[in-house]
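Readers should treat all values here as calculations from the given coordinates under stated rules, not as data from a laboratory. Computed from a predicted structure; not experimentally measured. Cβ placement follows ideal geometry from the backbone for every residue including glycine, while neighbour counts extend to all protein chains displayed.
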Amino acid sequence: MKRMLVTGLALVTVATLAACSSPEDEPGTDPSVTTSQAPDDDAESSTEFNDADVMFAQMMIPHHEQAIEMSDVVLATEGVDPQVTELATRIKEAQGPEIEQLQEWMGAWGADGAGDHSGHGGMDGMMSEDDVQALDDAEGADAGRLFLEQMIVHHEGAIEMAEVEVEDGLHPGAVEMAQAVVDTQSEEIRTMQDLLASL
């Protein structure tokens, strides 16, 4: 009952403020925060996001795509340790759906897939074309080791980006995904380090 009363009061307050003010009357409004909600949507279906959420999606989509590309390369290589191929499969299975979810959010936010990431050069763990080619050229156990070495760096970059989203993001789903990236990929880094030591 208390929740209903508080919700009702909040709605009345919002309606009153909306009737008495306009965007020009709100100089303190943060332009980086956007709220998109259809008139008949309830609070649970509202979508609130900020620039950090958009940047996270813009950067994480190509980052995940490269991780899947790297995984595909090692999965197509003969003679790779089964523990390495199992890890590559797990990475693909986890990151594919995350790409789809990020793309869905980007569409809902009206954001495009490109962003100015010039300030993040070398900070996100992305492999160069030469790095990916080296993995493609590697064979057997060497391919497995190189994959692990590259993916550790790649994961470290993803964790770095995800930590920024956890700190600065607004969209609950994006922040939750970012925390999952931190947790899952930190564990995978430990697994890869152990594998490297045993190969």
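Under the combined filter of DSSP loop state and at most 15 neighbouring Cβ atoms within 10 Å, the stretch 62-112 retains these GluC sites (Glu not before Pro): GLU78. Between ALA134 and GLN83, full extension at 0.36 nm per residue minus the direct alpha carbon distance yields a gain of 16.3 nm.
Inter-part distance, the stretch 57-90 to the stretch 150-199, computed on C-alpha centroids, equals 15 Å. Label-to-label distance, GLU160 versus SER186, with points set 7 angstrom from Cα along the beta-carbon direction: 1.7 nm. For the pair GLU93 and GLU176, label points projected 7 Å from Cα toward Cβ lie 2.1 nm apart. Derived value for the stretch 124-199: Kirkwood hydrodynamic radius 13.4 Å. Basis is the mean of 1/r over every pair of different alpha-carbon atoms.
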